[in-house]
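Undergrad: This structure is in structure tokens; I'll ask about it shortly.
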Amino acid sequence: MVFLHGWRRDLHDWSKVIELLRDDLSILALDLPGFGDSPEPLTALNSVGYAQAVAEVIREWRHDAGVGRVVVVGHSFGGRVAIELASVVAPELVDEIVLIGVPIIRPESQARSPWGYRLIRSLAGMGVVSKERLERARQRYGSDDYRQARGVMRQIFVEVVKEEYLDHLLLVQRPIWMLWGTLDQACPVALARQAASASSWATLKVLDGVHHLVPLEDPQSIAELITTRVIGS
């Protein structure tokens, strides 16, 4: 089992889930580059770049630990990485994936930046607006994740937030287990249903009354899915 956390999170999000799993499982929980105890990457990566970094770790882990079958569990941003890993980067390393609250399809409301911000950004590009004014606009109009990111991590966020993953999800020819909270506002469950219905490999389970941070809010359901469906499959 390989566990990948979400944006601005770290490997400790999986602590309760891991406690509930069988002791005989080989488990690898990672701090993705730029989060937790992992240093920031030297250059801006997209989701494919993150997946390449994870692939290197999995190869070493499989060799050193003698691991055979590999299941990758990704929450939110970690699920983006899991999709890229299983579809285009190293599908030979992944036997199954578990996706939890992953922005596979971009909501329409996120399709474009607010008009006011786009105007200021255009004026800044022409040298009419100062960098300081542009940064104030970014702080006003940007999401909380964007405002909190700095330097290379902000570049990464801008890159990955534009990405969609449905086409690459459809390339995954192995079991895809999807677990979603009905109250997830970051990744609406309606879009999860749309993505699941597009893939003959995907199975979606919806958790009533659960929000986006499923690993913290409902670790029991994740552990049950892994134990009864993934390990038992």
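Undergrad: Is it the case that region 11-28 has a residue that's within 15 Å of the chain's Cα centre (by Cα), touching a residue at least 12 places away in the same chain (Cβ under 8 Å) and in a loop (DSSP other than H, G, I, E, B)?
TA: no
Undergrad: Among the residues of region 19-28, is there at least one that is under 25 Å from VAL210 (Cβ atoms), modelled with pLDDT under 95 and of a type in the set (Lys, Arg)?
TA: yes
Undergrad: Taking region 171-195, which residues are of a type in the set (Val, Ile, Thr) and outside any helix (DSSP H, G or I)?
TA: Result: VAL172, ILE176, THR182.
Undergrad: Only one of (1) in contact (Cβ under 8 Å) with a residue 24 or more places away in the chain; (2) open to solvent by 10 Å² or more (accessible area, probe 1.4 Å); (3) part of a loop (DSSP other than H, G, I, E, B) is not met by SER87, so which one is it?
TA: It is condition (3) that SER87 fails.
Undergrad: Would you be able to say whether some residue in region 121-144 is among the aromatic types (Phe, Trp, Tyr) and modelled with pLDDT under 70? Lay out the reasoning, then the answer.
TA: Taking region 121-144 and keeping what is among the aromatic types (Phe, Trp, Tyr), we get 141.
From the residues that got through so far, the ones that are modelled with pLDDT under 70 too are 141.
Checking region 121-144: at least one residue is among the aromatic types (Phe, Trp, Tyr) and modelled with pLDDT under 70.
Undergrad: Further question on the same structure: Just for region 163-214: of the residues that are of a type in the set (D, E, K, R) and at pLDDT 95 or above, which one is surrounded by the fewest Cβ atoms within 10 Å (Cβ to Cβ)?
TA: The selected residue is ASP208.
Undergrad: Condition check: assigned to a loop (DSSP other than H, G, I, E, B), open to solvent by less than 40 Å² (accessible area, probe 1.4 Å) and either aromatic (Phe, Trp, Tyr) or touching a residue at least 60 places away in the same chain (Cβ under 8 Å) (or both). Does VAL73 satisfy that?
TA: No; evaluated as a whole, the condition is false for this residue.
Undergrad: Can you tell me which of (1) under 24 Å from ASN46 (Cβ atoms); (2) open to solvent by 40 Å² or more (accessible area, probe 1.4 Å); (3) modelled with pLDDT of 95 or more is the one VAL158 doesn't meet?
TA: Single failed check for VAL158: (3).
The values are calculated or read from the model by the stated rules, or taken from the named source; none is laboratory data. Computed from a predicted structure; not experimentally measured. When we count neighbours, we look across all protein chains shown, and the Cβ atoms used for this are built from the backbone with ideal geometry, even at glycine. Just the protein is used for accessible areas: all its heavy atoms, side chains included, with ligands, DNA and RNA removed. Shrake-Rupley method; radii C 1.70, N 1.55, O 1.52, S 1.80 Å.
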